[in-house]
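None of the figures in this text is laboratory data; all of them are computed from the coordinates on show. Please read all numbers here as calculations on a predicted model, not as lab measurements. Ideal geometry is used to build each Cβ from the backbone, glycine not excepted, and the neighbour counts take in all protein chains shown.
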Amino acid sequence: GAVVSQHPSWVICKSGTSVKIECRSLDFQATTMFWYRQFPKQSLMLMATSNEGSKATYEQGVEKDKFLINHASLTLSTLTVTSAHPEDSSFYICSASEGTDTGELFFGEGSRLTVL
Amino acid sequence: AQKITQTQPGMFVQEKEAVTLDCTYDTSDPSYGLFWYKQPSSGEMIFLIYQGSYDQQNATEGRYSLNFQKARKSANLVISASQLGDSAMYFCAMWDSNSGYALNFGKGTSLLVTP
């Protein structure tokens, strides 16, 4: 199956700093990527849909100025958590679709963010 | 709007036994897709099985099968011959034509396989 790689796997930062997470589709082109957030023992919640060459579409309640998404190429989307605070600590997972009929999403390994 | 419901927060099963994880969904769209993913403690999301709304037969993938009852809007996952390595979180998810391939997930079921 298709491979999606996410980096870094885990990051610890101080409150007030910004953190960038990269999501790459390694063997296919992804015009659309999705960013999810997962708090401990909870489900995955869709944060935003990232479209190559255009602005991301954010879900209700997700601050677009805080979670900056850039999808500059068909294989790379980035999520930047700006001015991170402890409540932003979470597991962030990206995913992408090859565009097949099933709509199967391929997920990155996830990035665990801890804000001190 | 679509909705996914998993009513079993946790399940236990003995090794080599079969287990059914429940999932019900709600959508007004006639075209949709249903998925099951496994998430071990490492956090990665592992695709298990897919069922399309127009598929006539229940999907099967090795030890995994999906009991698709369209009229009841249920898509239960059946794991046969459970193994210790099956212990993980299991998420039911779906997309419909309005979601642009974005998957919406249920709350998940934690499965523990005991020796």
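Structural descriptor for the stretch B:1-93: relative contact order 35 percent, calculated from alpha carbon pairs under 8 angstrom and at least 6 residues apart. Taking packing as the residue-averaged number of other Cβ atoms within 10 angstrom, the listed peptides A:89-97, A:2-10 run from highest to lowest as A:89-97, A:2-10. Straight distance only, please: which lysines reach the Cα of A:K55 with their own Cα at less than 25 Å, same-chain residues fewer than 8 apart left out? List returned: A:K20, A:K64, A:K66. Taking the stretch B:1-89, which chymotrypsin sites (Phe, Trp or Tyr not before Pro) meet the DSSP loop condition and have no more than 14 other C-beta atoms within 10 Å? Those satisfying the criteria are B:Y54. Residues of the stretch B:73-115 falling in the label zone of B:D29, defined by backbone nitrogen less than 13 Å from a point 7 Å along Cα to beta-carbon, are B:94-105. Judged by the gyration tensor of its Cα atoms, with axes a ≥ b ≥ c, the stretch B:53-115 is oblate; a/c meets the 1.5 cut and b/c is at least as large as a/b.
Can you work out the base-10 log of I(q)/I(0) for chain B at q = 0.14 1/Å, using the Debye formula on its C-alpha atoms alone? Debye intensities relative to I(0), on a log10 scale: -0.52. If you add up the charges near B:L77, with Lys and Arg at +1 and Asp and Glu at -1, over every other residue whose beta carbon is less than 12 angstrom from its beta carbon, what do you get? Neighbourhood net charge equals -1.
Take the cross-link list B:K16/B:K73; A:K41/B:K70; B:K3/B:K38; A:K41/B:K73 and give me the ones stretching past 24 Å between alpha-carbons. Table pairs above 24 Å Cα-Cα are B:K16/B:K73; A:K41/B:K70; A:K41/B:K73. Seen through its C-alpha gyration tensor, with square-root eigenvalues sorted a ≥ b ≥ c, chain A comes out prolate because a/c lies at 1.5 or above while a/b is bigger than b/c. Can you compute the FRET efficiency between A:Q42 and A:L76 using 1/(1 + (r/R0)^6), with r the Cβ-Cβ distance and R0 = 35 Å? Round to the nearest 0.05. Step by step, r from the Cβ atoms, then E = 0.80.
Computed over chain A, relative contact order equals 37 percent, with contacts defined as Cα pairs under 8 Å that lie 6+ residues apart.
Peptide B:105-115 shows a mean partner chain C-beta count of 2 within 10 Å per residue C-beta. Mean per-residue shielding of peptide A:108-115 is 2, counting Cβ atoms of other chains within 10 Å of each Cβ. Within the shell defined by Cβ-Cβ distances under 14 Å, the residues around A:T75 carry a net charge of -3, with Lys and Arg each +1 and Asp and Glu each -1. Full extension of the chain between B:S41 and B:T114 gives 24.6 nm of extra length, using 0.36 nm per residue less the Cα-Cα distance.
With coordinates expressed along the principal axes, the C-alpha atoms belonging to the protein assembly as shown extend over 49, 39, 32 Å, beginning with the largest.
Residues considered: B:A18, B:A71, B:A81. Largest GNM mean-square fluctuation over chain B, using C-alpha springs under 10 Å, is found at B:A71.
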